[in-house]
1. Could you tell me whether any residue of the range 9-16 is at pLDDT below 95, in contact with a Lys or Arg (Cβ under 6 Å, 6 or more places away or on another chain) and farther than 25 Å from GLU184 by Cα?
2. Would the range 95-103 turn up any residue that is closer than 23 Å to ASP72 by Cα, aliphatic (A, V, I, L, M), touching a strand residue (DSSP E or B) at 6+ places or on another chain (Cβ under 7 Å) and in a helix (DSSP H, G or I)?
3. Among (1) touching a residue at least 24 places away in the same chain (Cβ under 8 Å); (2) assigned to a helix (DSSP H, G or I), there is one condition ASP171 misses while meeting the rest; what is its number?
4. Among the numbered criteria (1) surrounded by 17 or more Cβ atoms within 10 Å (Cβ to Cβ); (2) in contact with a Pro (Cβ under 7 Å, 6 or more places away or on another chain); (3) not in a strand (DSSP E or B), which single criterion is violated by SER120?
5. Please specify each residue of the range 227-259 satisfying the condition of being modelled with pLDDT of 90 or more and in contact with a Lys or Arg (Cβ under 6 Å, 6 or more places away or on another chain).
6. Checking LYS51 against (1) touching a Lys or Arg at 6+ places or on another chain (Cβ under 7 Å); (2) more than 22 Å from MET168 (Cβ to Cβ); (3) touching a residue at least 12 places away in the same chain (Cβ under 8 Å), which test does it fail?
7. What do you reckon, is ASP35 of a type outside the set (S, T, N, Q), in a loop (DSSP other than H, G, I, E, B) and surrounded by fewer than 21 Cβ atoms within 10 Å (Cβ to Cβ)?
8. I'm trying to understand the selection: among the residues of the range 118-172, which are of a type in the set (Phe, Trp, Tyr) and within 15 Å of the chain's Cα centre (by Cα)?
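The values are calculated or read from the model by the stated rules, or taken from the named source; none is laboratory data. Because the structure is a prediction, the values reported are computed rather than measured. Note that we place each Cβ from the backbone using ideal geometry, even for glycine, and neighbour counts take in every protein chain shown.
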Amino acid sequence: MGKKRTREVQDDPTVDKMDEDDSSSDEDMDIVNVDFELFNYDSQIDFHGIKTLLRQLFDTDAQLFDLSALSDMIIEQNTIGSTCKVDDKANDAYAFLTVLNLQQHRDKKPVIKDLITYLSQKAKQTDDPKLASTVPELLASDKAVVGLVLAERLLNMPAEVIPPMWSMMIDEIEAAVEDKEPYEFTHYLVVSRTYVEVASALDDERKIKKPRESSPQLQYFHPEDEEMRKHALASGAYGFTKENEAVADSKRAFQELGVKPQGFMMLIEASKFERAVKAVGEYVGSAA
């Protein structure tokens, strides 16, 4: 299928640019305009790009799942969700968004069964009692219909590309429901990633003593998650099963503190999902 939508995004205007009078440089910083285009999934093009982004989304726990099967599922339902690319449809996706019907696939697709077990266990590990009790109950229910929302993008992608993807998916879900397709959800379970800064093991080796916070502040890889969680019935972060203590040092990025990625989930009632998506669009627009 062809292009779904084009969105022009400029560099972040809040980023400091070089002083025009700086004698150390003879060149001015220019604004670069990039066209990000949204496409339906294509089985001939998107498999490896989606699998790579899924591996990033699930971080060290990606090895727990059959990501090839999950990528195939996402691509097969090509009218729900989008890929975001630059220049040409034939390129790998820079971002993707989709929603999967967990109840429909739980007895047919082993990867969905694994995800349900995993998410039920991780919900119980969060510090939100409502999430811990509600998610396992909903995922085991024959009456509730939970849509698993998977979204990821390359780290340097601007947040401005995200609201059109979410808005378009809502329109696609509405059209699918009108066509009697299985996308009439009672709840949406959005899976994402967060992180906290942690003292590095390298500091201990060098015998550098630094004050440690008892409860590090949660940070967001996707800034829109902070706004979306305000509309959630429950939300919380959880540690990865395959977490390696050395990972924090590998992600220090020349900072005194290391970075410890965590999983993050938000449970949103279907009646509030559209408003949450609208709020994300307003939030990203106001922050631009």
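1. no
2. Yes: the range 95-103 contains one or more residues that are closer than 23 Å to ASP72 by Cα, aliphatic (A, V, I, L, M), touching a strand residue (DSSP E or B) at 6+ places or on another chain (Cβ under 7 Å) and in a helix (DSSP H, G or I).
3. ASP171 satisfies all of (1) touching a residue at least 24 places away in the same chain (Cβ under 8 Å); (2) assigned to a helix (DSSP H, G or I) except (1).
4. The number of the failed condition is (1).
5. To start, the set of residues in the range 227-259 that are modelled with pLDDT of 90 or more comprises 227-241.
Within the range 227-259, HIS231, ALA234, SER235, TYR238 meet the criteria.
6. Checking LYS51 against (1) touching a Lys or Arg at 6+ places or on another chain (Cβ under 7 Å); (2) more than 22 Å from MET168 (Cβ to Cβ); (3) touching a residue at least 12 places away in the same chain (Cβ under 8 Å), the one that fails is (1).
7. Answer is no for this residue.
8. Selection gives TRP166 alone.
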